[in-house]
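Peer 1: For reference, the structure I am asking about is given below.
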Amino acid sequence: MVRDLVSVIIPVYNSEKYIESTIESIVKQTYDNIEIITMDDGSSDESSNIIKKLVEVYRERKIIKYYYQDNAGVSAARNRGIEKANGKYVAFIDSDDLWSSTKIEDQIKMIYKTSMRACYCGFLDFFEEDNTTRKREMKLPSGKILYDFLKDNVWCHTSTWLIEKSLISENHIRFTEGCNWGEDFEFFMKIAAITEVCSVKEYLLLYRIRPNSLTTSASFLKQSEDIYVWMDLDKWIKENTHKLIYKNIKKISNLIYQFRIPFSLINYTYGYMNTSSYEDIDKNINRVNGKLYNKYIINLSLINGIKSLKLYVKLHIMYLRLHKYKSYENLE
């Protein structure tokens, strides 16, 4: 088997606690034709010194490359990493995640076997606090998986992907810079829109969950801001129909506006209301109303069957809760 070069891109920002173990999990891959591109996004801790020491440790292999940029965000760091990549394939890994030793080799073999140009795999939640893992039961379909993405049937973490670089370069696909949430799935859904994708049905990534990274009530409201990412994706789909492997563009657009956007507004607001005190809801009542009475909520339909129906139920539960909440406030 030809050992094509794989460029592994790591955006780094103040990751002194984790970056060495992340890099070591890449260095120890069974697939040995790898270059590691570390993109330091303006770190102010010891991240740069740790990486530079590892550059020296593995100097003979010339496997690790260090680049610095003024702080511009994770998307800008990944995009610059793509520009620096020399490999036929690129892979991404966050600076605190860990790979199984066979991750790259298993994916390369699957790409050669299927002749597809992109591949992803499963992942395990890795809880740093007690050093345990949790396996999520997830579907890992192959082929035309864009509809699976849009229907929330599959979730592909950034650190699970391996993609032919020319597919990214020739189609001018980049991570959206300045985007605060959802820039990764926008990128990978564009990939899934223009090519079939294969999967390795193994859990080859440890996705680190830190004690302070667990979803908080405040972050739920933040996550629903990804509706603008979905709108941008819909616009991109319509502007690039000639590149797509899908013919029914209207179906894609309907899934975005009739399911995914309402899904974000409803699901995340529901999570917020279930984890917040009355005092916190009162403080953010305008934001909550803005989500639940958003003009895009009206587009919700039964296009995605039982999942759409569940959204209707959650929405009306929240309407009832808000009504009771306002009634309670009036009594006060």
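Peer 1: Collect the residues in the stretch 244-298 that are assigned to a loop (DSSP other than H, G, I, E, B) and farther than 24 Å from L150 by Cα, keeping them in residue-number order.
Peer 2: T275, S276, S277, N284
Peer 1: Let me ask you something else. Being assigned to a loop (DSSP other than H, G, I, E, B) and within 16 Å of W155 (Cβ to Cβ) is the filter; apply it to the stretch 174-218 and report the residue that is modelled with the highest pLDDT.
Peer 2: It comes out as G182.
Peer 1: If you don't mind, another one. Going through the stretch 95-132 one residue at a time, which ones are of a type in the set (D, E) and either in contact with a strand residue (DSSP E or B) (Cβ under 7 Å, 6 or more places away or on another chain) or farther than 15 Å from V8 by Cβ (or both)?
Peer 2: D96, D97, D106, D125, E128, E129, D130
Peer 1: If you go through the stretch 122-146, how many residues are open to solvent by 50 Å² or more (accessible area, probe 1.4 Å), out of contact with any Leu (no Cβ under 7 Å at 6 or more places or on another chain) and either without any contact (Cβ under 8 Å) to a residue 60 or more places away in the chain or within 22 Å of N267 (Cα to Cα) (or both)?
Peer 2: So the count comes out to 7.
Peer 1: Filter the stretch 145-173 for residues that are among the charged types (D, E, K, R), outside any loop (DSSP other than H, G, I, E, B) and over 24 Å from N86 (Cα atoms) and give the result.
Peer 2: D148
Peer 1: Looking at K88, is it among the basic types (K, R) and modelled with pLDDT of 95 or more?
Peer 2: Answer is yes for this residue.
Peer 1: Here is a further query. Please tell me if K28 is open to solvent by 50 Å² or more (accessible area, probe 1.4 Å), modelled with pLDDT of 95 or more and under 29 Å from N131 (Cβ atoms).
Peer 2: Criteria met by K28.
Peer 1: Further question on the same structure: Which one of these is open to solvent by 60 Å² or more (accessible area, probe 1.4 Å) and over 30 Å from M116 (Cβ atoms): Y325, Y272, Y268, Y293?
Peer 2: Y293
The values are calculated or read from the model by the stated rules, or taken from the named source; none is laboratory data. Here the structure is a predicted model, which is why all the values come from computation and not from measurement. Reconstructed Cβ throughout: ideal geometry from the backbone, glycine too, with neighbour counts over all protein chains shown. For the accessible areas, the whole protein counts, side chains as well, though only heavy atoms, and no ligand, DNA or RNA atoms are used. Shrake-Rupley method; radii C 1.70, N 1.55, O 1.52, S 1.80 Å.
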